[in-house]
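*Asks:* Below you will find the structure I want to go over with you.
The numbers here are math on the coordinates, done by the rules we state, and not lab data. The shown structure was predicted, so the numbers you read here are calculated from the model rather than taken from an experiment. When we count neighbours, we look across all protein chains shown, and the Cβ atoms used for this are built from the backbone with ideal geometry, even at glycine.
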Amino acid sequence: MKSIFLTCFVFLTAGLISAQIDSSEAQAKLDSIANIELEYWMLPREEKLKLFYERFNQLNPDSTFVIDMRNLGADSLPDFSRFTKLEELNLSGNKFTRLAKNSLPSLKWLDLSNNPWEKIKFRRNDSLKTLWLNKSGLSKTPGSIKKLKGLKSLQIEHNKLTRIPKAVKKLKTLEEITLNFNEITLRKKDIKILQNVEQLQVINNNLFELPENFGMLKNLKKLNLAQNNLSSLPASFSNLKNLESAIFYKNEFDSIPPELIALKKIEELDFYYNKIEVIPSEIVKLKSLKLLYLAFNSISEIPESIKELTLLKRLYLHHNQIISVPVWLAENPHLEVLDLGYNKIVAIPDFSKAVSLTEVDVQSNLLSTLPWSMLELPKLKMIYIKDNPFLLEESAAVRLRDLIEERRKEGLTVVF
């Protein structure tokens, strides 16, 4: 039983394991931890709690930096005040309802998720950097959050929020806020609250439009508005000059908004599952673009403007209406991933010059033949060519089987 006390609660104290991580003895300890943890989580709730508190009372406050209480089903909080060097505390998955002011001056990471909180009180804390409050049935966030003056990352997912917490405006160091799966409708005053944020996620909320002043978020680098009902962007969106990633997965856009084209730092653009029919020629202006996700739309043509995106590394156009593949695309020496599966392509050019390709998908098209030299691309790791009506003479089929077998031995995965 003492070995369980040592490991199953994931109390990391004073370099436990990490000081000897390269030794075989340390690896053996790591393997045993996995087995002990499995045994522990299968115990009844009462036994888990008993073991927890026995170990908790033995802990040395001077060498305890992480405490993990997740999923114990506990309904009362222990006294953590003696752990003045504690840096990480996980209280998720319990039955806690009240969090009184605790003095944990070294705490940097706190997870309060999945508890039926009724009252949370924070005292002034400049060290806390990350706070999670997910799945807690919150319709508003505790006002005392404004006392967490050093907070950089805030997650409040799967709750019942309808607006941006006002207290966020007081968090001058906040860089990232995640508000996924709530009931938020963004308003002008919400944008003013978020002005310092660099990363914003508002996935699956109640967004039908963005406020006109959205462009005030001039520090924004990463934006994820997936699974909403957006079909256009406000004119001020073009003021987001620092934006590097924009994700509009599962929205209602029928075209790529022109407001995006002015953003020179965009590296990632995601419009999976929209209603786009045409890739605008103006996309050529996105010179920094590296990742382009346009699958599950109604696109029928790959425009020549894509040719000028010399930094593009990943292009996803599967599940569209594309019939042909331009030769210049097959000559792109920088492209690493090309996904054209589930289209209506009848032929593709020779890709032997696309020397950086690591993954190609052309499955479920109308291909009767393929430039089999693709299989010999030097960096290729995976190719999907199944569900095409290939027409091969017997001798050609034999040579192809031999080539596939040879490349598989070299590590290439062929899905044929």
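*Asks:* If we count every other residue with Cβ under 13 angstrom of TRP117's Cβ, Lys/Arg +1 and Asp/Glu -1, where does the sum land?
*Replies:* On the way: positive: LYS95, ARG98, LYS119, LYS121, LYS135, LYS140, LYS160; negative: ASP75, ASP111, GLU118.
Its environment carries a net charge of +4.
*Asks:* With +1 on each Lys and Arg Cβ and -1 on each Asp and Glu Cβ, and nothing else charged, work out how big the dipole of segment 100-254 is about its Cα centre, in Debye to the nearest 20. Could you put the intermediate results ahead of the total?
*Replies:* Values: 28 positive and 14 negative charges, 226 e Å.
Taking the Cα centre of segment 100-254 as origin, the dipole is about 1080 debye.
*Asks:* Calculate for the chain the 222 nm mean residue ellipticity that helices alone would give, adding -39,500 (n - 2.57) per DSSP H run of length 4 or more and normalising by residue count, nearest 500 deg cm²/dmol. Could you put the intermediate results ahead of the total?
*Replies:* Numbers: 7 runs with 68 residues, N = 416.
One gets -4500 deg cm²/dmol as the mean residue ellipticity at 222 nm.
*Asks:* Lys and Arg at +1, Asp and Glu at -1: add these up for the other residues within a Cβ distance under 9 Å of SER356 and post the number.
*Replies:* On the way: positive: LYS313, LYS379; negative: GLU336.
In short, +1.
*Asks:* Roughly how many nanometres apart are two label points built 7 Å out from the Cα toward the Cβ at TRP41 and GLU410?
*Replies:* The answer from the label model is 4.2 nm.
*Asks:* Using a 10 angstrom cutoff on alpha carbons, build the Gaussian network for the chain and name the most mobile of PRO78, PRO333, PRO61.
*Replies:* Sorting by GNM fluctuation, first place goes to PRO78.
*Asks:* When the C-alpha atoms of the chain are aligned to their principal axes, what extent does each axis show, in angstrom, from largest down?
*Replies:* 75, 57, 32
*Asks:* While we're on this one: Loop-only chymotrypsin sites (Phe, Trp or Tyr not before Pro) in segment 48-88, please: DSSP not H, G, I, E or B, and at most 16 other Cβ atoms within 10 Å.
*Replies:* Working: sites: PHE52, TYR53, PHE56, PHE65, PHE80, PHE83; in loops: PHE65, PHE80, PHE83.
The qualifying sites: there are none.
*Asks:* Take segment 282-348, compute every pairwise Cα distance, and split them into 5 Å bins from 0; I just need the percent in each bin.
*Replies:* Histogramming segment 282-348 at 5 Å steps yields 4, 18, 29, 29, 17, 3, 0 percent.
*Asks:* Does segment 336-390 come out rounded, prolate or oblate, given a ≥ b ≥ c as the square roots of the eigenvalues of its C-alpha gyration tensor, rounded meaning a/c under 1.5 and, failing that, prolate meaning a/b above b/c? Working shown, then result.
*Replies:* Working: a/c = 2.06, a/b = 1.61, b/c = 1.28.
It is prolate, given that a/c is not under 1.5 and a/b is the larger ratio.
*Asks:* Provide the net charge surrounding GLN199, with neighbours chosen by a C-beta distance below 11 Å and charges set as Lys +1, Arg +1, Asp -1, Glu -1. Don't skip to the end; give the middle numbers.
*Replies:* Values: positive: LYS152, LYS221, LYS222; negative: GLU175, GLU176, GLU198, GLU244.
Here the count lands on -1.
*Asks:* Please identify, among LEU194, LEU77, LEU286, the residue showing maximal mean-square fluctuation in a Gaussian network model of the chain using a 10 angstrom Cα cutoff.
*Replies:* LEU77
*Asks:* Hey, another quick one. Give, in nm to one decimal, the length gained when the segment between TRP372 and SER255 is fully stretched (0.36 nm per residue of separation minus the Cα-Cα distance).
*Replies:* Stretched out fully, the TRP372 to SER255 stretch lengthens by 38.6 nm.
*Asks:* A further question follows. Past 20 Å, Cα to Cα, is the threshold; run LYS265/LYS290; LYS188/LYS250; LYS147/LYS218; LYS188/LYS290; LYS129/LYS149 against it and keep the listed order. Please list the in-between numbers first.
*Replies:* Working: LYS265/LYS290 10 Å; LYS188/LYS250 24 Å; LYS147/LYS218 25 Å; LYS188/LYS290 32 Å; LYS129/LYS149 9 Å.
Violating the 20 Å Cα-Cα cut-off are LYS188/LYS250; LYS147/LYS218; LYS188/LYS290.
*Asks:* Any idea how many Lys pairs in segment 326-416 come in under 18 angstrom at the alpha carbon, given 8 or more places apart or on separate chains?
*Replies:* On the way: LYS344/LYS386; LYS353/LYS379; LYS353/LYS381; LYS379/LYS409; LYS381/LYS409.
Step by step, the pairs that qualify in segment 326-416 add up to 5.
*Asks:* Test of understanding: what is the full-extension gain from VAL337 to SER103, defined as 0.36 nm times their sequence separation minus their Cα-Cα distance? Display every interim value, and only then the final one.
*Replies:* Numbers: separation 234, 0.36 × 234 = 84.24 nm, distance 5.01 nm.
Stretched fully, the VAL337-SER103 segment lengthens by 79.2 nm.
*Asks:* Which of the residue pairs LYS222/LYS264; LYS95/LYS146; LYS50/LYS135; LYS108/LYS152 have a Cα-Cα distance greater than 18 Å in the structure shown?
*Replies:* Details: LYS222/LYS264 14 Å; LYS95/LYS146 25 Å; LYS50/LYS135 26 Å; LYS108/LYS152 10 Å.
Violating the 18 Å Cα-Cα cut-off are LYS95/LYS146; LYS50/LYS135.
*Asks:* Given Cα pairs under 8 Å that are at least 6 residues apart, what percent is the relative contact order of the chain?
*Replies:* 6
*Asks:* On to the next question. Using the Cα centre of the chain as the reference point, and only Cβ charges (+1 on K/R, -1 on D/E), how large is the resulting charge dipole? Debye, rounded to the nearest 20.
*Replies:* Details: 58 positive and 51 negative charges, 567 e Å.
Result for the chain is approximately 2720 debye, rounded to the nearest 20.
*Asks:* Between VAL168, VAL202, VAL360, find the one with the highest GNM mean-square fluctuation for the chain; connect C-alpha pairs within less than 10 Å.
*Replies:* Sorting by GNM fluctuation, first place goes to VAL360.
*Asks:* Could you give P(r) for segment 149-218, binned at 5 Å from zero, as whole percent values over all Cα-Cα pairs?
*Replies:* Values per bin, smallest distances first: 4, 18, 30, 29, 16, 3, 0.
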